[in-house]
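Structure first, commentary second.
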Amino acid sequence: HRALTLPVWPLTYTRRTSLPAVLERAGYRTGYVSTNAIAGAAKQGFAQYFQFARPDRTGRVTLCADRLSRYLPYVCAASELSPLQEMDTLAADFRGPPGNLEHDPRLALEPALQWLTTVSKSRPIFLWVHLFPPHSPYAVPKPWLGRFDPSQKDRTAASTQPNWAWIQSQLTLAQVHTLEARYDEATAYVDAYVGPFLQHALAVLGPDTAIVISADHGESFAHGYGAHTGPGLYDEIIHVPLILKLPYETVGQRCNRPVEQADIAPTLAALAGIPAPADWEGLSLLNGCDGAPTDGSAPQRAIFSMNFEQNPRFAPLKTGSVAVIQGRWKLIHNANIGYELYD
């Protein structure tokens, strides 16, 4: 579908066969809450399939805003072009020094729980909640700040925001240890709010509820990376959590095969009893990790991860990285760097 970079506007058929569109047509009451404009439904072209929306919860001043994208679908892509990019930078500078306002989970969880509590339960419900943390800058409030590194190093938003440019973020080993601890503190911070939210949500919705928790990326403090930039597709970037709680499920199991985030939509469609559109990738995980026997009698499928940069719209994709994982092997290919093979 050529929607390979963050600011782009997906093609019409891609939006019409998206998970929100499929569920909305099947009669679901749909809602979303987002604390990041790039992860907002309007910016992704899905706004018409949600009856409830609470976007741009941080109030950050930017042209790439979810509310603005509802009326100007290409404004996010245009914000990367000069002079609009400079205007966006000036707006961010005018806002003041970097802060962690967007990291407060309550900005998203409180309106989400309020909607769940008040929405009619006469039809099934689909709710998508996007939380910003854990994310750079990593500094979070007390009592989480200092939990894994009690030193006074790197305790502010400014000092825990790595340089995003690849190869320009070389850190000393001591800095790596401190920033990793701050990142773990950010994870503990958001976890402290997510747990009670899920308990309240289940109490409101009842046991016939599925919950999916995942993330869009990990964080890297090696390979010359800053935050989650760079071409490498190493495991610290792409090995993200995926937790799936099925309706009425009380005992969990751990999957020892790799799966893809492309499996989430087919899994939710199967739970809803809805046929998956023909253009969807991925497999339902309801019959096991990847729909294959877990006793090793069937070969493991190949799992792909991609990080494409800007390419011509219709030409072959030549800029970016592709990784494939199958069994014990992982192969990474980058057009400018070459191949890396890992066991």
> Counting DSSP beta bridges in the chain, what percent are antiparallel, to the nearest 5?
Replying inline: 70
>> 7 Å from Cα along Cα→Cβ at both Asn163 and His333: what's the point-to-point distance in nm?
In response: 3.2
>> Under 5 Å between amide hydrogens, which residues at least 5 positions from Ile125 or on another chain qualify, with H placed 1.01 Å from N in the peptide plane?
In response: Arg29
> Rounded to the nearest whole Å², what accessible area per residue is found for region 229-343 with the 1.4 Å probe?
Replying inline: 64
> What accessible area, in Å² to the nearest ten, does a 1.4 Å probe give for Val259?
Replying inline: 40
> In sequence order, what are the phi-derived ³J(HN,Hα) couplings for region 253-263 according to the Karplus relation 6.51 cos²θ - 1.76 cosθ + 1.60 with θ = phi - 60°, rounded to whole Hz, with x for glycine and proline?
Replying inline: 9, 9, 7, 9, 10, x, 10, 10, 5, 5, 7
> Roughly speaking, what is the centre-to-centre gap between region 39-84 and region 175-221 when only Cα atoms are used, to the nearest Å?
Replying inline: 24
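Counting alpha carbon pairs within less than 8 Å and at least 6 residues apart, what relative contact order, in whole percent, applies to the chain? Please report the intermediate quantities before stating the final value.
On the way: 540 pairs, mean separation 42.3, N = 343.
Once divided by the residue count of the chain, the mean separation gives 12 percent.
Solvent-accessible area per residue for region 99-220 at a 1.4 Å probe radius, Å²?
On the way: 6230 Å² over 122 residues.
So region 99-220 comes to 51 Å² accessible per residue, rounded to a whole number.
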> Got a sec to turn the phi values of region 313-322 into Karplus ³J(HN,Hα) couplings, 6.51 cos²θ - 1.76 cosθ + 1.60 with θ = phi - 60°, whole Hz, x for Gly and Pro?
Replying inline: 4, 10, 7, x, 7, 10, 10, x, 10, 9
>> Less than 21 Å apart at the alpha-carbon level, and either on another chain or at least 8 residues along: which lysines does that give for Lys245?
In response: Lys121
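Mind ranking Arg67, Arg29, Arg182 by accessible surface for me, highest first, 1.4 Å probe?
Values: Arg67 130, Arg29 45, Arg182 0 Å².
Ranking Arg67, Arg29, Arg182 by accessible area, largest first, yields Arg67, Arg29, Arg182.
Provide the gained length on full extension for the span Arg254 to Glu180, in nm with one decimal, where the gain is 0.36 nm per separating residue minus the Cα-Cα distance.
The span from Arg254 to Glu180 would gain 24.1 nm if fully extended.
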>> Within the chain, which whole H helices from DSSP have a Cα span along their axis of at least 30 Å and a mean Kyte-Doolittle hydropathy of -0.5 or more, if any?
In response: 173-205
> How big is the accessible area of Arg313 in square angstrom, nearest 10, if you roll a 1.4 angstrom probe over the protein chains?
Replying inline: 150
>> Considering only protein heavy atoms and a probe of 1.4 Å, how much of the accessible area of region 200-316 is carbon and sulfur, as a whole percent?
In response: 56
> How do Val8, Val190 stack up against each other in accessible area, from largest to smallest, with a 1.4 angstrom probe?
Replying inline: Val8, Val190
>> Of the listed values (1) 1.09; (2) 1.21; (3) 0.94, identify the label whose number matches Rg/Rh (Cα atoms, Kirkwood Rh) calculated from this model.
In response: (3)
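Given a 1.4 Å probe and heavy atoms of the protein chains only, how would you sort Leu11, Leu72, largest accessible area at the top? Display every interim value, and only then the final one.
Numbers: Leu11 60, Leu72 95 Å².
These residues rank, largest area first, as Leu72, Leu11.
The values are calculated or read from the model by the stated rules, or taken from the named source; none is laboratory data. Since this is a predicted model, take the numbers as computed values, not measurements. Every residue, glycine as well, gets a Cβ built from its backbone with ideal geometry; the counts of neighbours run over all protein chains shown. Calculation scope for accessible area: heavy atoms of the full protein, side chains included, ligands and nucleic acids excluded. Shrake-Rupley method; radii C 1.70, N 1.55, O 1.52, S 1.80 Å.
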